[in-house]
């Protein structure tokens, strides 16, 4: 009888740990808050931890090639991405991608292309087994030279 109890306890512990491991620890809103705060603090290491690798970019036209970045290349490139100026959507002038992220106060239904995918401007975020993370952005180094 004690062997049966021990077996039941072990099976229950295994099932419980498997269920907990599969749970997401962040909602999209919680993720966005942490992502924004990391941008505000210029915490590139934290931003890397909020990114799914390989991280990918492609220029603003779909015919442009996809560039793939590992963590090391991300750490070098992402500060440049944040400095990139883009046209404002509903106002004249331009804004840096950093400013764009910081101005996005909350998520709306239109930000979700599906339950597990967010598009915020040209930034794509996916919900995977590891939780929410940045996975793609429409961007190329050519944009740095445009000086919008």
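The values are calculated or read from the model by the stated rules, or taken from the named source; none is laboratory data. Note that the coordinates shown come from a computational prediction; the quantities given were computed from them, not determined experimentally. Glycine gets a Cβ as well: all are built from the backbone with ideal geometry, and neighbour counts include every protein chain shown.
When restricted to residues that are surrounded by fewer than 17 Cβ atoms within 10 Å (Cβ to Cβ), in a loop (DSSP other than H, G, I, E, B) and out of contact with any helix residue (DSSP H, G or I) (no Cβ under 9 Å at 6 or more places or on another chain), segment 117-143 contains 1. State yes or no: is residue 110 out of contact with any helix residue (DSSP H, G or I) (no Cβ under 7 Å at 6 or more places or on another chain), outside any strand (DSSP E or B) and closer than 14 Å to residue 138 by Cα? So residue 110 does not fit the description; no.
The residue list 18, 73, 48 contains one member that is at pLDDT below 95 and not in a loop (DSSP other than H, G, I, E, B), which is 18. Looking only at residues in segment 61-90 that are touching a strand residue (DSSP E or B) at 6+ places or on another chain (Cβ under 8 Å) and over 25 Å from residue 42 (Cβ atoms), the one that is surrounded by the most Cβ atoms within 10 Å (Cβ to Cβ) is 64.
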